[in-house]
Each structure stands twice: as structure tokens, then as C-alpha cells.
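The values are calculated or read from the model by the stated rules, or taken from the named source; none is laboratory data. Keep in mind that what you see is a predicted model, and the values were worked out from it rather than measured. Note: ideal-geometry Cβ built from the backbone for every residue, glycine included; neighbour counts use all protein chains shown. Note: areas computed on protein heavy atoms with side chains; ligands, DNA, RNA excluded. Shrake-Rupley method; radii C 1.70, N 1.55, O 1.52, S 1.80 Å.
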Amino acid sequence: MSTETVHSTDVVIIGAGPVGLFAVFECGMLKLRTHVVDALDMVGGQCAALYPEKPIYDIPAHPAIDGADLIDRLAEQAAPFNPTYHLGQQVTTLTRTDGGWRVGTDKGTVIDAKAVIIAAGVGAFGPNKPPLDGLEQYEGTGVFYLVKRRQDFAGKRIVIAGGGDSAVDWANSLSEVAAHVMLVHRRPKFRAAPESVSRLDALVKEGKVEMVVPYQLSGLEGVDGKLTGVRVADLDDQEKVLDADVLLPFFGLAMNLGPIADWGLDMEKGHILADQRTLATSAPGIFAIGDIAHYPGKLKLILCGFSEAAMAAHAVHALIHPDQPMHFEYSTSKGVPGA
């Protein structure tokens, strides 16, 4: 048993992405206290970590909203309910108790809760890193796996490696602020949205993006941890060096359910099976919402996750307060408690 203080709350929400944050709001509207745990050291999940400056187009009432702005609004919406955040730590244990569940993390945090809502997206995620010697010494200074702020790369000579949406989108976007953008791919075709590829072709013709194909990464050059060049090799292993300050390798994400897979929940192909009406899992008092949840007809959209958060919150209220009649009221009638 950890020597840390045992916290007590109504609901533990595992995951502080957009769906987890909205679950805080929905629980708060039903006067349920929440603690939120996330492996990242910030709220926002993939929205904050992977595409904070990329627009999202399918959020109701927002024709377009950047990932970071969406997270800011959701955190602001949740704030009146004073959630307790435990960031930078991963839930490792989930143990049944007489009153509900005990949640334990790898940092020694222990929380007793009457219910648990898992909003962990697709689990823990991290970048697929290229197998280059000495890569670690440049990470965070010359090698980055995500772009949090475009302006951090203003005036830089940038090598982008990859053939998917992220590589193409960031080549297009960073060409507006960088000194030079070079896109490395092993073939001239890209697995990206046709409109994005068309824009890339136009930027190449304008000289704003240099296409380096068919090549792949083969090494890094630098002095005292400062990147000065990226070595690339063609299909005949002929190498050349691209003068560069920054390497952005976009080779996808490695998804890992981690301890979630060991919690005894009914699962299917890496997703937690949930009741479509209540989002209840096979374990009493545990609910799953967002991308981690699966049921017939499931759509992996943020807006569907928002709906699931509301349904799960109401199911949790019925579980915790079985003898308390639930008189549903619209927010326009009752406002936001504590706001």
C-alpha cells in the first residue's frame, strides 16, 4: 500500500482528452465530484499533444476550431466544478472495494471512487521513432515528433520525413514560416487527403517546399547536441546530406492499452465493450466513453464522445444515488452550479 494520502471522490475519470474533460462537466452538472488522471503532463490528450494548431471541423457551432482552443474551452467549461487533476501519471491498478473502486497510479496516487469512467482514447500513445544512431541526443532540441506551436520553427531549415497526412499537412503549414522545408519520402505518392497533396504540389512548384524522393532517413549530423544535417539514402544506398536545424519524423503512433488490458473488462480488438445506452462495461461501476469504447454502430467522433459522456454521467448518478429521483433539467433552466 502506498504511503500517499488516499483521496476520496464520486467519480474517477481516466483520460483528460476532450471527452474526459466534457465528462467532468456532465458529472458536475449532476453534482458528482471528480478526479481526473492522465498519463500526459497536460490536459487535452491527442488534441493538445498532436494537433494543437490544426483545425477541427466537426464540432457543433464551430465551423473550425484549433485543437488547443477546443481544449481551452472544455477546461474552462469544467472549471466551475473544481475537478482534481493527477497529470503525468498512469493508472496501473483498479481494485474492487465495498464502496466502489480503488484507483492506483504509477506515481503512488490512490483514489477511492464510487464509479470510474474510462475516457482513455486508444490508450497510451507515443511516436514510432526512426532507427537512427544518436537520435536521443537531438530529441527536444533538433528532433521533434509533434508541433505544438508553428512559431517555434520560424526561420528554421526543416526536414520532414513521412508520407501520410501529418507529413504533408505540416510541410504545407510550416512552409509559411520556415526558412526552408524539405519533405523526405521513399516514393513520390503520399497517403494524404487529395486537397492537401494538391496544395503540396503547388508549393513544390513555387519553390516553397523541396521534395526529396525517393529517399529515406539514414543518419543525423550535429555538434554538441545541435542538429546541423540529416543524412538520407536513395534506393541504391547513395547518401547525401540535407543541411537542417530540425527533423520532424512523422511515422505514425504506437498505441498501447497498457494496464487497461489487465483490468478484466470484456474487450474486442483493443476496445472496451460498453452498453450503448449507459456506456457501462462488464464490471459494475466502470464505464467507458470515447474512442476506447465499442458497441454496435459506434462512430469514433469527438461529438459522439460528448454524447457518451452525458449518458455515462447520468448512469453513474443512478448508480450512486439509486433512491434519489433524477429530475432532468436543461442547462438553460438550472444554469451551471457554482459558476
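Those residues that are open to solvent by 40 Å² or more (accessible area, probe 1.4 Å) and of a type in the set (Phe, Trp, Tyr), I need them from the range 232-262; list them, please.
PHE251, the sole residue that qualifies.
When the residues of the range 1-24 are filtered to those that are assigned to a helix (DSSP H, G or I) and touching a residue at least 60 places away in the same chain (Cβ under 8 Å), which remaining residue is surrounded by the most Cβ atoms within 10 Å (Cβ to Cβ)?
Going through the range 1-24, the residues assigned to a helix (DSSP H, G or I) turn out to be 18-24.
Of the ones still in play, those that are also touching a residue at least 60 places away in the same chain (Cβ under 8 Å) are 18-20, 22-23.
On the way: PRO18: 30, VAL19: 29, GLY20: 30, PHE22: 25, ALA23: 35.
Per the stated criteria, the residue is ALA23.
With the condition kept exactly as written, say whether any residue in the range 136-150 is charged (D, E, K, R) and part of a helix (DSSP H, G or I).
Yes: one or more hits.
In the range 37-51, what residues are closer than 17 Å to ASP66 by Cα and within 10 Å of the chain's Cα centre (by Cα)? Let's see the steps before the verdict.
Step one: list which residues in the range 37-51 are closer than 17 Å to ASP66 by Cα, which gives 42-51.
Of everything in the range 37-51, those that are closer than 17 Å to ASP66 by Cα and within 10 Å of the chain's Cα centre (by Cα) turn out to be VAL43, GLY44, GLY45, GLN46, CYS47, ALA48, ALA49, LEU50, TYR51.
Tell me which strands (runs of 3 or more DSSP E) are completely within the range 198-258 and hold 2 or more residues being touching a residue at least 60 places away in the same chain (Cβ under 8 Å) and of a type outside the set (D, E, K, R), or say none if there are none.
Details: elements: 209-212, 215-223, 226-234, 239-243, 246-249, 253-256.
Those strands (runs of 3 or more DSSP E) span 215-223, 226-234, 246-249, 253-256.
I need the full set of residues from the range 283-299 which are open to solvent by 60 Å² or more (accessible area, probe 1.4 Å) and closer than 22 Å to THR97 by Cα, in order please.
PRO284
Conditions (1) modelled with pLDDT under 95; (2) surrounded by fewer than 20 Cβ atoms within 10 Å (Cβ to Cβ); (3) over 18 Å from ASP243 (Cβ atoms), marked per residue:
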| site | (1), (2), (3) |
| --- | --- |
| LEU132 | no, yes, no |
| VAL143 | no, no, no |
| PHE153 | no, no, no |
| ILE158 | no, no, no |
| ALA161 | no, no, no |
| GLY164 | yes, yes, yes |
| MET182 | no, no, no |
| LYS189 | yes, yes, yes |
| LYS205 | no, yes, yes |
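So which residues in the range 113-129 are under 21 Å from the mean Cα position of the chain (by Cα) and either part of a strand (DSSP E or B) or modelled with pLDDT of 95 or more (or both)?
Scanning the range 113-129 gives VAL116, ILE117, ILE118, ALA119, GLY121, GLY123, ALA124, PHE125, GLY126, PRO127.
With GLU221, GLU210, GLU195 as the choices, which residue is open to solvent by 60 Å² or more (accessible area, probe 1.4 Å) and more than 27 Å from PRO131 (Cα to Cα)?
After ruling out the rest, the residue left standing is GLU195.
What number goes with the only condition from (1) touching a residue at least 40 places away in the same chain (Cβ under 8 Å); (2) touching a strand residue (DSSP E or B) at 6+ places or on another chain (Cβ under 9 Å); (3) not in a strand (DSSP E or B) that GLN77 does not pass?
GLN77 satisfies all of (1) touching a residue at least 40 places away in the same chain (Cβ under 8 Å); (2) touching a strand residue (DSSP E or B) at 6+ places or on another chain (Cβ under 9 Å); (3) not in a strand (DSSP E or B) except (2).
Given the criteria in a helix (DSSP H, G or I) and either open to solvent by 60 Å² or more (accessible area, probe 1.4 Å) or modelled with pLDDT under 95 (or both), does CYS47 qualify?
yes
Taking the conditions exactly as written (among the aliphatic types (A, V, I, L, M) and surrounded by fewer than 17 Cβ atoms within 10 Å (Cβ to Cβ)), does ALA64 satisfy them or not?
Against the criterion (among the aliphatic types (A, V, I, L, M) and surrounded by fewer than 17 Cβ atoms within 10 Å (Cβ to Cβ)), ALA64 qualifies.
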